[in-house]
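Asks: I am attaching a structure below and will ask some questions about it afterwards.
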Amino acid sequence: MCTDLKNGYIQYIVYIRANFMIENTYSNMKKMIRPNSMTRILGIGLALLLSFSSSLFAQDQPEADPAAGKTLFNTYCAACHHLDRRMTGPALRGVGDKFEREWLHAWIKNSQALIKSGDEEAVRIWEEYKPAVMTPFPQLSEQDLDDIIAYTMEVEEEPAATDVAATGAAGSGGSSSGINGDIVLGALILVFGVLVVMLFLVNKTLRKIAEANGVEVKTPEKTKPLWRAFVQNQFLVIVTVILLLLGSAYYAFGYMMQIGVDQGYEPVQPIHFSHKIHAGDNGIDCKYCHSSARTSQTSGIPSLNVCMNCHQSIPEVSESTATAEYSKEFYDGEIAKLYKAVGWDVSTQSYTGESQPVKWVRIHDLPDFVYFNHSQHVSVAGIACQVCHGEVQEMEILHQHAPLTMGWCIQCHQDTNVKMEGNEYYTKIHEELAKKYGVDQLTAAQMGGMECAKCHY
Amino acid sequence: MASNRKYWSSVEELKPNSSIADTLKQNEFVEEIPTAEFLGNEEALGASSTSRRDFLKYVGFTTAAASLAACEGPVTKSIPYVVQPENIIPGVANYYATTIANGFDFSSILIKTREGRPIMVEHNKEAKINGSPNARVYASVLDLYDSLRVQGPKANGEYTSWDELDTQVVAALNSAKASGKQIALLTQTYASPSTKKLIAEFSQKFANVKHIQYDAISEDAALDAFESTYGQRALADYDFSKAEVIVSFAADFLGDWQGGGYDAGYAKGRIPTQGKMSRHIQFESNMSLTGANADKRVPLTPSELKIALAKFYGYLNGRSVTGSLPAHIDEAVKAAATQVARAGRNAVVVTGISDVNAQKVVLAINKTISSVVMDAEKPKLTRQGNVKALNQLVADMNAGQVGVLVTSNVNPLYTMANAAEFEAGLAKVDLSVAFSLKEDETASKTTYVAAAPHYLESWGDVEMKKGMYSLMQPTIRPLFNTRQFQDAILKWTGSSLNYHDYIKQTWETSILGLDSWNQALHDGVYESSLSVGETEQADAVAVETPQVEAEAAVVSVADAVRALAGTTPAEGMELTFYSKISMGDGQQANNPWLQELPDPLTRNTWDNYLTISMADAERLDFENYIEDNGGLNGSYAKVTVGDVTLDKVPVLIQPGQAKNTVGLSFGYGKKLGLKTPMQTGVNAYALYQGFDLTQQVKIEKVSGIHEFASVQMKSTMDGRGDILRETSLEIFNTKDSEHWNPQPVVSVNHAEVPADDATLWSTFDSSIGHHFNLSIDLNACTGCGACVIACHAENNVPVVGKSEVRKYRDMHWLRIDRYYSSEETFEGDMDMVEAAPNSISTYHKLEHPSENPQVAFQPVMCQHCNHAPCETVCPVAATSHGRQGQNQMVYNRCVGTRYCANNCPYKVRRFNWFRYNENDEFDFHMNDDLGRMVLNPDVVVRSRGVMEKCSMCIQMTQKTILDAKRDGRPIKDGEFKTACSAACSSGAMVFGDVNDKESEVVKQKASNRMYHLLGFKGTRPNVFYHTKIRNTEEV
């Protein structure tokens, strides 16, 4: 419940790989809201409104709108600045108190010009943060700048503490109910045991009474045991044996066919990397990280510098990312593992040069005698990654979705039409084959995609 | 049929009643399983502690254990880069242009790297000279991953630091400078403008510096002759594609003569176009690769050779020359001279005699006829070794005058005949440093071993030919703590530059002019009109002198001819050294690919041996015979030159070897820096006295039997004759192809139809999409073996070792069959004798067929039959047919019945008798982590118990198709390649898509020389051959 609540007002940040622009994704936010939490959302909304109005009163210039400022901040500034943490640029909370409004405006519009003009403050900041040059923002109006400054002047909210407490409570609640269940179960077993003992004792007592009273207890007549009857019936024996053999053969076959098939394989990785957060919640394209899938046989496990493209400015997850299962601390710890591996020092925002490669556990592992080429399927055929890898964007822990057996490959080659439109390579062969088979669309198999040595060499 | 010649592949077949040869012909499998032998031995069976029941228990247990073990999959780790280099995409190959210049082989090449590892050598199409790598260059990539390389600087056998070495060396250099002692740099031929400049600077700093260049196999005579004629120490370059007549006096120019690299040009002139092709006459003692390709080959002794050259000069210039030759040789010399005279400037004469006079005479002849083939204006600089300077150095060393000796990539203690003298001198040198890849014979005796990088880890530049520059760039970070010679010299000179910066500086100031360094580095080659300072001056001198020296030259040539003619015939046997295409000068001896590459002529691997003629072998009681298992055995000889004796040299009967001569190859018998299996053969350098390729020799038979690892008796194709087709140029030009290249026919319904029309099988429709064909021109194929090594590298073909090769279990996917043929069949000979017993001409013809056979090479790989006999017999459908024409072999499906190999008429399938990787029994490159880095990741490494064979490089064709699909474009002709066709510098192999009607391979297929191997079998192969045409008067 509390996670839903957080989703209500914590921003999601999406990095778009082309230009690293940061967008506010309200649409995403909306998706996550569930009807049963609406009332809470309304309550929070009210609280927000109150805080806005209080800040409204606090501002000298009544037209400055921190809400608009927040949007602008996330669009233009958040790539390099955080309110409370130094990133590429300094932490910005309360920046309006530290500098004159006009000075800030001039700095944001063109910091380099200000530095060149010899302004003392500007030069001091440049000395501290160079060679990182702040992007000039001449397109921002005075109003926009005031809005942003207003946003930075907001008092820090402290939802984190309550949230963690809530999470903790929820967690402990869950686990205590587990213990309760066990106790109940144990008690029940105990009760049943007592009952059985009691019944036995009652029976014994009754029998004693009966004996004492001279009542004869009937012993049942001895009949032929069932197993003996069964053994003596040869027909039944043969039928059963045949059935048993067939059954065991069936299971043995099924078992053997599973050897080497690792469908559902879900190993523990050295870093808990959640595809759900990256590809799902944040909508990062698969090929942003697995870029070689477009040009190479392997999709490639991204090198750590690719991670750092984003994580250089994302040292922690937002409150709303944490789930009942995985807390914010847990995720932040995983990011810290990345920093350790890549040798990134958060405090100085620089690389230490001491790196150690991450030894991922390979999930999709074809045998050496199979040649599979990603670019053939991704770039040429235009097949979505999910066709073979499943709904990766929903996997918190990645597992092998497809069986990766030869039958599975061939099935697809028989069923799938080759995407030939607009590809000049196929023009001639399509014409000829279409005539030969009398069809308009050709399957991969008809193109020769079932020949042994297309994959085995 | 083309002719009624008898073809034979081994001397054994010539023996009248050889049961072995017959048996082998009958055998489908050479390697019979010895069941009868085993089961017949009651005693051994009874004594065995393992009963039948025990055996069954073991089998049961191991099967159960294996299946249990198979249930749990291993955990595989994937480790990505921390920071991925920008230009590396895992799974995509990168190519870099670089140059090999190891003192023996000089070639501009492309290196294919995968994930930063060099895995394959390829042609550099930009290179105008030496752009066609030979077998050794193709194999050189494996040397990089040699596990026995020196991994860091060493002093007294212990690893030390470079700083320590620098301090000691600089101190020694300074003290040598102070005491006036000599500082000697003994290096390979670098032919490098930057190194030359660098050494000049070094000499300036330390005053008493001598730079001696040393070639293990010397071209000193040719260099001296060229220097005295043209004023520059270099070698004339030849473009054999322009030659109409080639007369060679023991110049193995298709081998390593004067640095080699002439095969591409030669092959161009050998393909008959418009009824014309070059005529090639070879006079020689050993049967060389060049002699094997000649139209007419005259075997003669080395001393006769010199007289023959003198006489040739005489006939050509109409002067009488003294000296006597056997009549038939004299006749041949006269005929050759006539042909050269007729061809005039389109003729060329070359010689490999290591005698200044001979070399002078040849240069004079080419100059007189103003041959267009020879280029003396822009000579080759790839051999610079100076014997006089070397001898002086040895003398100086022994006199204690040398303070510091630095060697670089030379191994005089192995390659010098007077190694003992050098070693004695070395002990008197104050400090010696050996830059070496290996802790070899020399490096283990010097004060310091300076670990040198492989050429794929080094910077460098080479001027192979005047004005033709090449650049060497690293393609991988140094694997070990190595430093190259030039970097060390820079450091000792006190320069802060590294060698890369130094080369760049040199190039930008004196070579490139206004051209871009990056472009030159990208291309790997650069042709300049500018030249580095000193050579320009030398030029100026050369230009001035001719008029002054012209008359003196005439006199000196006359003297030279007289000296040659006055050669006294040798008493007893004469030995001629040669270098094998596989082993060269021996610096790559630890390369298992090269060790297992069969010699093109003897088809022997893992050995060197004394080649001897059949007549001499009979006279001296040497024998070669084939054992029951098909292995070749031979006697040993004691070989004495002067006072040096090699005790046990195996003797091999070599058809075509001149009588009274023997041959022995360099490069073997090395002991240090080699894995045990690689320490084979005897060291011929010990007999290489005075750097003379011919020596007077005494030969005695000694006891013992040598086991050769020869592949010559394997796969005799069941005695079917119509394998190799050849005819003469005359017949080719005058008669219909029906006569000399008949297409096979079979009788159907009492009518003859082409063999391909009659078939049991339904035909595959391969008219749609790609359909690959490989064309092999037997005229252009010189048998050089580059394709075999390229195939090894591309397809991860395992090396099996000497004892396995001896059992015919070699794994070569591509073999180059060598066939000998005599003038007539033996039966014909006997008939002739009976018909005219007293005619002299009959007896001439009756000379033993092995005395001077004609030779033909035929590369044979899987023929990719459209109606493949192997496919029909596979019980598990592990081999099947693809629409693109490939006969596909699926290793994971194969259960190893070997039925396919049995049914293959071409004997091209190879069975994995063992696991050849990660197996200590096969301690070659696939047994260590380093050596496995050379494996091609696109091709699976096969396991034990499966059949394998040529795949027509389907990984390469698939890659080409995929690239085109991704770019959305049709494929151009020439894009499709196989490893062998890409490696073939002579253009003998052309690969392509026959459904592309404009392609080169379609043109090749339409030729009237085209035939299919065993075409009458109706297998419809996708590989076809071109009938060999010889430019002879008669066949």
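Asks: Across segment A:433-448, what is the total count of residues that are surrounded by 13 or more Cβ atoms within 10 Å (Cβ to Cβ), without any contact (Cβ under 8 Å) to a residue 24 or more places away in the chain and either over 19 Å from B:HIS771 (Cβ atoms) or at the interface with another protein chain (Cβ under 8 Å from one of its Cβ atoms) (or both)?
Replies: Total satisfying the criteria: 3.
Asks: If you don't mind, another one. What strands (runs of 3 or more DSSP E) lie completely within segment B:367-474 and have 2 or more residues being in contact with a helix residue (DSSP H, G or I) (Cβ under 8 Å, 6 or more places away or on another chain), without any contact (Cβ under 8 Å) to a residue 40 or more places away in the chain and buried (at least 24 other Cβ atoms within 10 Å of the Cβ)?
Replies: Those strands (runs of 3 or more DSSP E) do not exist here; none qualify.
Asks: Among the residues of segment A:388-401, are any more than 20 Å from B:SER78 (Cα to Cα), within 11 Å of another protein chain (Cβ to nearest Cβ) and not in a loop (DSSP other than H, G, I, E, B)?
Replies: The answer is no; no qualifying residue exists.
Asks: Considering segment A:336-356 alone, what residues qualify as being within 9 Å of another protein chain (Cβ to nearest Cβ) and touching a Ser or Thr at 6+ places or on another chain (Cβ under 9 Å)?
Replies: Within segment A:336-356, A:ALA341, A:VAL342, A:GLY343 qualify.
Asks: So, one more: Do we have any residue at all in segment B:79-92 that's more than 14 Å from chain A (Cβ to nearest Cβ) and modelled with pLDDT of 90 or more?
Replies: no
Listed here are the residues, each with its yes/no results for (1) in contact with a strand residue (DSSP E or B) (Cβ under 9 Å, 6 or more places away or on another chain); (2) over 23 Å from A:ARG294 (Cα atoms).
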position: B:PRO937; (1), (2): yes, no
position: B:VAL941; (1), (2): no, yes
position: B:ARG944; (1), (2): no, yes
position: B:LYS949; (1), (2): yes, yes
position: B:THR957; (1), (2): yes, no
position: B:ILE971; (1), (2): yes, no
position: B:CYS984; (1), (2): yes, yes
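Quick grid of which residues meet (1) touching a residue at least 12 places away in the same chain (Cβ under 8 Å); (2) of a type outside the set (S, T, N, Q); (3) not in a loop (DSSP other than H, G, I, E, B):
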{"site": "B:SER986", "(1), (2), (3)": "yes, no, no"}
{"site": "B:ASP996", "(1), (2), (3)": "yes, yes, no"}
{"site": "B:VAL1001", "(1), (2), (3)": "yes, yes, yes"}
{"site": "B:GLN1004", "(1), (2), (3)": "yes, no, yes"}
{"site": "B:PHE1016", "(1), (2), (3)": "yes, yes, yes"}
{"site": "B:ARG1020", "(1), (2), (3)": "yes, yes, no"}
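Asks: For segment B:966-980, enumerate the residues that are in a helix (DSSP H, G or I) and within 12 Å of another protein chain (Cβ to nearest Cβ).
Replies: If the condition is that a residue be in a helix (DSSP H, G or I) and within 12 Å of another protein chain (Cβ to nearest Cβ), then B:ARG966, B:ASP967 are the ones that fit.
Asks: Can you confirm whether A:GLU319 is surrounded by fewer than 17 Cβ atoms within 10 Å (Cβ to Cβ) and outside the structural domain of A:PRO90 (by TED's automatic domain parsing)?
Replies: So A:GLU319 does not fit the description; no.
Asks: Name the one entry in A:TYR255, A:TYR265 that is in contact (Cβ under 8 Å) with a residue 12 or more places away in the chain, aromatic (Phe, Trp, Tyr), under 30 Å from A:CYS388 (Cβ atoms) and within 14 Å of chain B (Cβ to nearest Cβ).
Replies: A:TYR265
Asks: Where residues in segment B:478-494 are in contact (Cβ under 8 Å) with a residue 24 or more places away in the chain and out of contact with any Lys or Arg (no Cβ under 9 Å at 6 or more places or on another chain), which of them is nearest to B:ASP143 (Cα to Cα)?
Replies: B:PRO478
Asks: Now, a different point. Do you know which of the residues in segment B:641-657 that are over 23 Å from the mean Cα position of the chain (by Cα) and touching a residue at least 60 places away in the same chain (Cβ under 8 Å) is surrounded by the fewest Cβ atoms within 10 Å (Cβ to Cβ)?
Replies: By that ranking, first place goes to B:VAL644.
Asks: Scan (1) in contact (Cβ under 8 Å) with a residue 12 or more places away in the chain; (2) farther than 25 Å from A:ASP365 by Cβ; (3) within 14 Å of chain A (Cβ to nearest Cβ) for the single condition B:GLU115 breaks and write down its number.
Replies: It is condition (2) that B:GLU115 fails.
Asks: Moving on. Which condition does B:GLY291 not pass, out of (1) touching a helix residue (DSSP H, G or I) at 6+ places or on another chain (Cβ under 8 Å); (2) crowded, with 24+ Cβ neighbours inside 10 Å; (3) closer than 27 Å to B:ALA988 by Cα, if it passes all the others?
Replies: Going through the list (1) touching a helix residue (DSSP H, G or I) at 6+ places or on another chain (Cβ under 8 Å); (2) crowded, with 24+ Cβ neighbours inside 10 Å; (3) closer than 27 Å to B:ALA988 by Cα, B:GLY291 breaks only (1).
Asks: Output the number of residues of segment A:403-418 satisfying the condition of being more than 10 Å from every other protein chain (Cβ to nearest Cβ) and surrounded by fewer than 17 Cβ atoms within 10 Å (Cβ to Cβ).
Replies: 9
Asks: How many of the residues making up segment B:760-783 are more than 28 Å from B:GLY974 (Cα to Cα) and either out of contact with any His (no Cβ under 6 Å at 6 or more places or on another chain) or within 14 Å of another protein chain (Cβ to nearest Cβ) (or both)?
Replies: Residues flagged as more than 28 Å from B:GLY974 (Cα to Cα) and either out of contact with any His (no Cβ under 6 Å at 6 or more places or on another chain) or within 14 Å of another protein chain (Cβ to nearest Cβ) (or both) within segment B:760-783 amount to 2.
Asks: Sort out which residues of segment A:364-380 are crowded, with 19+ Cβ neighbours inside 10 Å, of a type in the set (A, V, I, L, M, F, W, C) and more than 7 Å from chain B (Cβ to nearest Cβ), and write them in order of number.
Replies: Correct list: A:VAL378 only.
Quick grid of which residues meet (1) in contact with a helix residue (DSSP H, G or I) (Cβ under 7 Å, 6 or more places away or on another chain); (2) not acidic (Asp, Glu):
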| site | (1), (2) |
| --- | --- |
| B:LEU316 | yes, yes |
| B:VAL321 | yes, yes |
| B:GLU331 | no, no |
| B:GLY344 | no, yes |
| B:ALA347 | yes, yes |
| B:ASN357 | yes, yes |
| B:LEU363 | yes, yes |
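Asks: Another question about this same structure. Scanning for something over 20 Å from A:GLN393 (Cβ atoms), buried (at least 16 other Cβ atoms within 10 Å of the Cβ), out of contact with any strand residue (DSSP E or B) (no Cβ under 9 Å at 6 or more places or on another chain) and away from chain B (no Cβ under 14 Å), does segment A:322-335 turn up at least one residue?
Replies: Yes.
Asks: Let me ask something additional. Take B:VAL59 and tell me if it is among the β-branched types (Val, Ile, Thr), surrounded by 15 or more Cβ atoms within 10 Å (Cβ to Cβ) and free of Cβ contacts under 8 Å to residues at least 60 places away in the same chain.
Replies: Spelling it out, it is not the case that B:VAL59 is among the β-branched types (Val, Ile, Thr), surrounded by 15 or more Cβ atoms within 10 Å (Cβ to Cβ) and free of Cβ contacts under 8 Å to residues at least 60 places away in the same chain.
Asks: Another one. Do we have any residue at all in segment A:292-308 that's more than 30 Å from A:GLN393 (Cβ to Cβ), of a type outside the set (Val, Ile, Thr) and not in a helix (DSSP H, G or I)?
Replies: No - not one qualifying residue is present in segment A:292-308.
Asks: Mind listing just one residue for me: the one in segment B:694-725 that is assigned to a loop (DSSP other than H, G, I, E, B) and either touching a Cys at 6+ places or on another chain (Cβ under 7 Å) or of a type in the set (S, T, N, Q) (or both) and, of those, modelled with the highest pLDDT?
Replies: B:GLN712
Asks: Kindly indicate whether any position in segment A:197-217 is modelled with pLDDT of 85 or more, in a helix (DSSP H, G or I) and in contact with an Asp or Glu (Cβ under 9 Å, 6 or more places away or on another chain).
Replies: Checked segment A:197-217: at least one residue is modelled with pLDDT of 85 or more, in a helix (DSSP H, G or I) and in contact with an Asp or Glu (Cβ under 9 Å, 6 or more places away or on another chain).
Asks: Here is a check on your reading of the model: is A:SER274 away from every other protein chain (no Cβ under 12 Å), within 20 Å of the chain's Cα centre (by Cα) and among the hydroxyl-bearing types (Ser, Thr, Tyr)?
Replies: yes
Asks: Could you tell me which of the residues B:ALA335, B:ALA364 is of a type in the set (A, V, I, L, M, F, W, C), surrounded by fewer than 21 Cβ atoms within 10 Å (Cβ to Cβ) and either more than 29 Å from the chain's Cα centre (by Cα) or in a loop (DSSP other than H, G, I, E, B) (or both)?
Replies: From the options B:ALA335, B:ALA364, the qualifying one is B:ALA335.
The values are calculated or read from the model by the stated rules, or taken from the named source; none is laboratory data. Bear in mind that the values here come from a model prediction, so they are computed numbers and not experimental data. With ideal geometry, Cβ positions are generated from the backbone for all residues, glycine too; neighbour counts draw on all protein chains shown.
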